[in-house]
1. Hey, can you rank 35-42, 60-67 by average C-beta count inside 10 Å, highest first?
2. With every protein chain present, what is the per residue accessible area of region 31-134 (1.4 Å probe, Å²)?
3. Which cross-chain or sequence-distant (5 or more) residues have an amide H under 5 Å from the amide H of I86, H modelled 1.01 Å from N in plane?
4. Pop out the ³J(HN,Hα) list for region 125-132 in order, Karplus 6.51 cos²θ - 1.76 cosθ + 1.60 with θ = phi - 60°, rounded to Hz; leave Gly and Pro as x.
5. Residue by residue through region 56-61, what is 3J(HN,Hα) from phi via Karplus (6.51 cos²θ - 1.76 cosθ + 1.60, θ = phi - 60°)? Round to whole Hz and write x for glycine and proline.
6. Quick one: which residues, 5 or more positions from D122 or on another chain, have an amide H under 5 Å from its amide H? H modelled 1.01 Å from N in the peptide plane, none for Pro or chain starts.
7. If eta is 1.002 mPa s and T is 20 °C, what Stokes-Einstein diffusion coefficient results for region 21-133, Kirkwood Rh from Cα pairs, in µm²/s?
8. Test of understanding: what is the full-extension gain from D122 to A101, defined as 0.36 nm times their sequence separation minus their Cα-Cα distance?
Amino acid sequence: MQFTASALLLAGATFFSSASAAGIFAMNATAQPGSYVTLTVLNGNVGDNPVCNQTVAIGDLPASGTIACNAGYSVSFTWDTQNAAIMALYQTPTAAPFTYAVPPISNDQTTYVFGFEDDFPDAEASKKFVEFHA
Ligand SMILES: *[C@@H]1O[C@H](CO)[C@@H](O)[C@H](O)[C@H]1NC(C)=O
Ligand SMILES: *[C@@H]1O[C@H](CO)[C@@H](O)[C@H](O)[C@H]1NC(C)=O
């Protein structure tokens with residue numbers, strides 16, 4: 001009986017620790033030179049609405065723009081050449097502005113896809129990462 005109870009406790013602890021592994025910091029973009037950039041920032045719990053998310057028109061490369069964010073957050077980007085990362089200057093209510101490279105993932109010569117995703121135990125850890133980059 002003792003063994004069974006411990007095994008159940010252990011199973012429960014494992015379940016809760018993986019269930020709370022839900023923090024995310026991700027920047028994803030799709031873009032077409034001379035047309036548009038869509039940039040989305042997730043910086044909280046998995047499943048939260050994006051912190052920033054908008055499609056903006058751009059001209060020919062190099063291009064730049066600003067994406068709408070929740071109050072207190074901001075992101076502006078530059079995209080210099082087709083095969084280069086989108087560089088995103090991101091600021092939060094608790095984190096100073098910092099430039100993240102959003103690396104190219106794929107393209108079909110028309111539409112370019114970019115993104116990175118970092119996973120954290122919870123939203124607080126995701127926000128701390130953006131504050132301290134560690
Ligand atoms: C971003 O905004 C677009 C247009 O408003 C919407 O269709 C899309 O679902 C949003 N993305 C996310 C991840 O919420
Ligand atoms: C964002 O980009 C990363 C890296 O390619 C990818 O793993 C993740 O699934 C993307 N997220 C979305 C919502 O497209």
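The values are calculated or read from the model by the stated rules, or taken from the named source; none is laboratory data. Not measured: the values here are computed from a predicted model. Please note: Cβ atoms are built from the backbone with ideal geometry, for glycine as well, and neighbour counts cover all protein chains shown. Keep in mind that these areas ignore ligands, DNA and RNA; they rest on the heavy atoms of the full protein, side chains included. Shrake-Rupley method; radii C 1.70, N 1.55, O 1.52, S 1.80 Å.
1. Values: 35-42: 20.4, 60-67: 16.1.
Per-residue mean Cβ counts within 10 Å order the peptides as 35-42, 60-67.
2. Per-residue value: 53 Å².
3. Close amide H contacts, sequence-distant or interchain: V102.
4. Calculated HN-Hα couplings, in order: 5, 4, 6, 4, 4, 5, 6, 10 Hz.
5. 10, 6, 10, x, 5, 6
6. Here the answer is A22, G23, since their amide H atoms fall under 5 Å of that of D122.
7. Using the Kirkwood radius from Cα pairs, D works out to 153 µm²/s.
8. Additional length available on full extension: 5.3 nm.
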